[in-house]
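Read through the structure below, which is laid out as structure tokens, and then see the notes.
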Amino acid sequence: MNSFIYKLVILLIISMCECCREQCDVQSCDPLERDQCDACRSKDDYDNRDYFYDITSKDYYFDSYAHFGVHEDMLKDEVRTLTYRNAMINNRHLFKDKIVLDVGCGTGILSLFAAEAGAAKVIGVDCSNVVDYAKQIVKANEMERTITIIKGKIEELDDLPEGIQKVDIIVSEWMGYCLLYESMLQTVLYARDKWLKEDGILFPDRTALYITAIEDEEYKNDRFNWWGNVYGYNMEVVRKVALMEPMVDGIDSNKVVTTAHRLINIDLYKVKEEDLSFTSNFSLLVKRNDYVHALATYFTVQFTKCLKNTGFSTAPNERSTHWKQTIFYLDNFLAVKKGEAITGTFYLTQNSKQKRDLEIDITVKHEGEFAELYESNHYQMR
């Protein structure tokens with residue numbers, strides 16, 4: 001939304017509230033006295049112009065998921081959104097008359113899909129202020145009887161509404177960049193262990209993370225190597241720091257030089273939180289004579305309980321998603337020949353101080369006709 005439209009919306013909201021302001025100017029009323037003011041008490045939060053500033057500006061600094069722009073990107077990702085919709089709508093036999101828990105519900109889109117698929121009750125939970133939007137969206141679509149939206153952390157939720165003890169299905173779009181960035185999966189696992197029935201269903205229930213090697217000389221030179229000579233000055237120290245930060249970007253499939261290797265396969269029914277820190281050895285087969293400047297990860301998602309195979313991939317040769325791919329640039333580069341192998345080790349764990357961040361160590365080894373390399377790099381996803 002551009003600034004002109006945003007200001008226009010705010011002006012419209014203000015004009016709608018003028019009649020109330022004749023009784024009490026909410027903006028000038030002492031906040032400590034508002035609960036004693038008839039006009040203030042009669043006003044809905046959504047009619048207060050401060051509300052829209054708060055949820056989209058002030059809270060955005062602390063609560064990025066309260067900003068509509070984040071959800072716009074996800075909702076416009078048709079690969080993501082339509083796969084979830086098809087998995088639910090095309091499998092009504094799984095959802096009919098069931099109780100569904102939507103973990104990290106956001107705007108409530110998955111809750112709406114579940115209700116449309118025939119769920120008897122849907123409970124959407126999110127700790128972000130975006131739930132204020134979700135409640136209005138549910139109301140606007142006349143689904144208040146089926147969908148209940150709760151603001152809070154799943155881990156701090158003592159009871160489910162209406163005396164519900166267990167749920168039949170848990171739906172969640174928990175995946176992040178490099179699959180595990182932002183650590184939403186731990187919350188889903190907590191909900192699984194506490195609220196899901198013994199024979200309950202997880203949507204989705206299988207994911208896998210893959211690694212491949214790419215050629216990307218132009219971008220590497222533009223973003224990293226130029227630090228070696230900045231207007232005649234050596235700023236190599238910045239280059240070393242920049243290399244530690246993985247790049248999230250879409251990769252042209254023509255840049256992929258090797259086969260892919262699966263780093264981890266996650267079965268959501270069985271996986272434990274401690275399994276999400278892992279080490280995986282990989283071997284990539286070179287498909288053509290070329291150069292390698294970086295490694296890249298992508299992931300797949302599956303809904304195995306569906307009648308037909310349902311899922312999607314974020315691989316470079318598939319339709320683009322908002323997750324794109326995660327690129328780990330090497331300090332050096334490789335000249336490789338078709339049929340050779342690039343081997344290495346991939347280690348991933350959460351940052352000890354900030355659980356949403358990832359610490360990743362990648363070791364690469366190659367002994368080929370054109371080049372030899374042994375390189376170990378540390379990366380931080382912040």
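Readers should treat all values here as calculations from the given coordinates under stated rules, not as data from a laboratory. The structure presented is a predicted model; accordingly, all values stated were derived computationally and were not measured. Here Cβ is always computed from backbone atoms with ideal geometry, including for glycine, and neighbour counts include all displayed protein chains.
In a fully extended conformation the segment linking residue 231 and residue 288 would gain 16.8 nm over its present Cα-Cα distance, using 0.36 nm per residue.
Panel order for 144, 173, 340, by other beta carbons found within 10 Å of each beta carbon, from fewest to most: 144, 340, 173. For segment 201-238, the set of chymotrypsin sites (Phe, Trp or Tyr not before Pro) satisfying both a DSSP loop assignment and a count of at most 10 other C-beta atoms within 10 Å is given as 231.
According to the Cα gyration tensor, what semi-axes, each the square root of 5 times an eigenvalue, does the equivalent ellipsoid of segment 77-173 have, listed from largest to smallest in whole Å?
For segment 77-173, the semi-axes come out at 19, 16, 13 Å.
Any of 308/365; 76/240; 153/220; 121/272; 153/324 with alpha carbons more than 32 Å apart? Name them for me. Flagged as over cut-off: 308/365; 76/240; 153/220.
Set the bar at 24 Å for Cα to Cα. Now go through 197/305; 270/305; 166/353; 139/197 and name every pair that lies beyond it. Exceeds cut-off: 166/353; 139/197.
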